[in-house]
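Notes to accompany the following structure.
The values are calculated or read from the model by the stated rules, or taken from the named source; none is laboratory data. This one's a predicted model, so the numbers in the text were calculated from it and none came from an experiment. Please note: Cβ atoms are built from the backbone with ideal geometry, for glycine as well, and neighbour counts cover all protein chains shown. What goes into the accessible areas is simple: the full protein's heavy atoms, side chains included, and nothing from ligands, DNA or RNA. Shrake-Rupley method; radii C 1.70, N 1.55, O 1.52, S 1.80 Å.
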Amino acid sequence: MLGAMKSQLVKLVVFSCLVAAGACSKKSTRRGEVVECSSISLDEKATTLCLVQLYHWRPPAAEQAARARAHELDSLKTWQDDSVWALRAAKHKTDLQSCRRGSEQIHNCLLIAGWPVRRVRATTDSIWNAELPKHRGELQACMAKRDFNLSSCLTLYYKWDSDRALATADSVTRVRLGRH
């Protein structure tokens, strides 16, 4: 009797494993379809179209899978970029210190040093925000000079980035004219 129960238990375990393997293989096949379509497509919309046309997915399921895959790929790319960036942290610190000491605008200096645009923007914005009280004083000093163009004053006397100086001058002009 004990032998018969053992035999039944073994059969149940084997059957459960087969069912689980079957379920997993179907899922991995669907996963493979998503991976394949995303590898031959340039965007989420093309991945969706591939899944619908090539593998006969229902459009809502295809859209959801394509969106999830696009998010996954974006996350992987960001993780890889951050990992590579972290490997050269000492160099980036040296670059930033050199650029802050130099006469050239930090933005341009960092770009020349090979920094990616998004990192340059984040760094310059961070530095700018840390020095906000100083910049407010510079703005007030230039606004007091009525015979001088505001953006030119900020750029020439205080070495503001020209884009930031122009945007600030435009903003001040809109406020003066009552067009917030």
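Here is a yes/no grid of residues against (1) touching a Leu at 6+ places or on another chain (Cβ under 7 Å); (2) surrounded by fewer than 14 Cβ atoms within 10 Å (Cβ to Cβ); (3) in a helix (DSSP H, G or I):
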| residue | (1), (2), (3) |
| --- | --- |
| Gln97 | no, yes, yes |
| Ser103 | no, yes, no |
| Gly137 | no, yes, yes |
| Cys142 | yes, no, yes |
| Ser171 | no, yes, yes |
| Arg176 | no, yes, yes |
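Looking only at segment 116-131, decide whether some residue is surrounded by 11 or more Cβ atoms within 10 Å (Cβ to Cβ), touching a Gly at 6+ places or on another chain (Cβ under 9 Å) and either closer than 28 Å to Arg176 by Cβ or modelled with pLDDT under 95 (or both).
Looking for residues that are surrounded by 11 or more Cβ atoms within 10 Å (Cβ to Cβ), touching a Gly at 6+ places or on another chain (Cβ under 9 Å) and either closer than 28 Å to Arg176 by Cβ or modelled with pLDDT under 95 (or both), one finds none in segment 116-131, hence no.
If you scan segment 22-50, which residues turn out to be at pLDDT below 90 and open to solvent by less than 80 Å² (accessible area, probe 1.4 Å)?
Gly22, Ala23, Ser25, Ser28
With the requirement that a residue be at negative phi and either out of contact with any Leu (no Cβ under 8 Å at 6 or more places or on another chain) or exposed (fewer than 11 other Cβ atoms within 10 Å of the Cβ) (or both), what does segment 151-163 give you?
Ser152, Cys153, Thr155, Leu156, Tyr157, Tyr158, Asp161, Ser162, Asp163
What are the residue pairs meeting all of these: first residue in segment 62-91, first residue touching a residue at least 12 places away in the same chain (Cβ under 8 Å), second residue surrounded by 10 or more Cβ atoms within 10 Å (Cβ to Cβ) and of a type in the set (Ser, Thr, Tyr), Cβ atoms under 6 Å, and 6 or more apart or on different chains?
Ala62/Thr48; Glu63/Thr48; Ala66/Thr47; Ala66/Thr48; Arg69/Ser38
What about Leu154, is it in contact with a Cys (Cβ under 9 Å, 6 or more places away or on another chain) and either of a type outside the set (S, T, N, Q) or within 30 Å of Ser39 (Cβ to Cβ) (or both)?
Taking the combined requirement at face value, the residue satisfies it.
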